[in-house]
Amino acid sequence: MSQYDDQVKRIKQVFDTKEIPSVTARTLRIYFAFLKKNLVCPCLLTGIESMGFFSWEERFSFGYGSEEEHQQLRRERGSFNDHYELSTFDAHVGVWDILANVYRIPHRKKFTIPLSELQAVDKESLNYQLLNDYTVWFVNWH
């Protein structure tokens, strides 16, 4: 079995279905319950890319704007390069995504970030696989 086939199988198991369902309010609640039961906390997270919640940062990724301006904005805004702690699975199902309450390390500034935009820092952990599976489902079945 390929890695993709394994991932599809794991996502189907979340829903206990033969086909992967689309992202809806109901299926988000099911995935939320699954993650709440299986995600190990505390969990160290980081952003996936400079889009969505982190889109303010995209122009800096392409060389527009000064490093000084970027650092000044990072004081108040979360960066996809920052590390965040998910102490407990403090999250809720929003309209379009699961929203996680996280704290930026080391400053302990609180952010609410869509879970589909975060990944575990430890790529060898079960948390990385769980969050990656969620993001793949969220992006491809939306």
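The values are calculated or read from the model by the stated rules, or taken from the named source; none is laboratory data. Owing to the predicted nature of the structure, the values given are computational and were not obtained by experimental measurement. All Cβ positions, even for glycine, are placed from backbone atoms using ideal geometry, and neighbour counts span all protein chains on display.
Among the residues of segment 3-22, write down those that are within 19 Å of Gln129 (Cβ to Cβ), in contact with a helix residue (DSSP H, G or I) (Cβ under 8 Å, 6 or more places away or on another chain) and not in a helix (DSSP H, G or I).
Matches in segment 3-22: Ile20 only.
Considering only segment 56-97, state which residues are among the small types (Gly, Ala, Ser) and either more than 14 Å from the chain's Cα centre (by Cα) or not in a loop (DSSP other than H, G, I, E, B) (or both).
Once the filter is applied, which keeps residues that are among the small types (Gly, Ala, Ser) and either more than 14 Å from the chain's Cα centre (by Cα) or not in a loop (DSSP other than H, G, I, E, B) (or both), segment 56-97 yields Ser61, Gly63, Gly65, Ser66, Ser87, Ala91.
Which of the residues spanning segment 31-55 are part of a helix (DSSP H, G or I), surrounded by 18 or more Cβ atoms within 10 Å (Cβ to Cβ) and of a type in the set (A, V, I, L, M)?
Correct list: Leu35 only.
Among all residue pairs at least 6 apart or on different chains, which show Cβ distances below 9 Å where the first residue, located in segment 48-59, is in contact (Cβ under 8 Å) with a residue 12 or more places away in the chain and on the phi > 0 side of the Ramachandran plot and the second is in a helix (DSSP H, G or I) and surrounded by 18 or more Cβ atoms within 10 Å (Cβ to Cβ)?
Gly52/Ser116; Gly52/Glu117
Okay, residues lined up against (1) free of Cβ contacts under 8 Å to residues at least 12 places away in the same chain; (2) under 18 Å from His142 (Cβ atoms); (3) not charged (D, E, K, R):
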position	(1), (2), (3)
Phe62	yes, no, yes
Gln72	yes, no, yes
Arg77	no, no, no
Tyr84	no, no, yes
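Test Trp96 against the stated conditions and say whether it is modelled with pLDDT under 95 and surrounded by fewer than 20 Cβ atoms within 10 Å (Cβ to Cβ).
yes
Scan Ile20, Ile105, Ile30 and give me the residue that is over 29 Å from Tyr4 (Cα atoms), in contact with a Phe, Trp or Tyr (Cβ under 8 Å, 6 or more places away or on another chain) and not polar (S, T, N, Q).
Numbers: Ile20 fails: over 29 Å from Tyr4 (Cα atoms); Ile30 fails: over 29 Å from Tyr4 (Cα atoms).
Only one candidate qualifies: Ile105.
I'd like the residue in segment 100-122 that is of a type in the set (S, T, N, Q) and farther than 15 Å from Cys41 by Cα and, out of all such residues, is surrounded by the fewest Cβ atoms within 10 Å (Cβ to Cβ).
Top of the filtered list is Thr112.
Any residue at all in segment 62-79 that is touching a Pro at 6+ places or on another chain (Cβ under 6 Å), at negative phi and surrounded by 15 or more Cβ atoms within 10 Å (Cβ to Cβ)?
No, the conditions are met nowhere in segment 62-79.
Counting only residues that are within 18 Å of Asp97 (Cβ to Cβ) and among the polar types (S, T, N, Q), which one in segment 123-137 is surrounded by the most Cβ atoms within 10 Å (Cβ to Cβ)?
Among those residues, the one meeting the criterion is Asn127.
Could you list, in sequence order, the residues of segment 98-137 that are in contact (Cβ under 8 Å) with a residue 60 or more places away in the chain and not in a helix (DSSP H, G or I)?
The answer is Ile98, Ile105, Ile113, Pro114, Leu118, Gln119, Ala120, Val121, Asp122, Ser125.
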